[in-house]
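J.: Okay, here's the structure, questions in a sec.
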Amino acid sequence: MPGPQPLFLIGHLHWIVLYGLRGTFERLTSYGPVSLLFVGPFPWIFAYSPEAFQDIMKKNRHWQRGSIFK
């Protein structure tokens, strides 16, 4: 998954602190329609278009709602 190299333990938190959320998202769009951002040790995947989101959901069928939502 494209995205900048995260720092150990903090991931990309330094980007959020330096550039704010809007600036961070603007920089992430340079990696394409889908990018990966680590907030601490947790990976977050960002899809910047409905087509990219649909493509992710079609290829990864295991990402479904849990039983609590059924």
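J.: Where only protein heavy atoms count, and the probe is 1.4 Å, what is the accessible area per residue for region 1-52 in Å²?
T.: Spelled out: the 1.4 Å probe surface of region 1-52, per residue, equals 67 Å².
J.: Could you pull out every residue, at least 5 positions away or on a different chain, whose amide H is within less than 5 Å of the one on residue 44? Hs are placed 1.01 Å off N in the peptide plane, and Pro or chain starts have none.
T.: 37, 38, 39
The values are calculated or read from the model by the stated rules, or taken from the named source; none is laboratory data. If you're wondering where the values come from, they're calculated on a predicted model, not measured in any experiment. Side chains included, ligands, DNA and RNA excluded: accessible areas come from the protein's heavy atoms. Shrake-Rupley method; radii C 1.70, N 1.55, O 1.52, S 1.80 Å.
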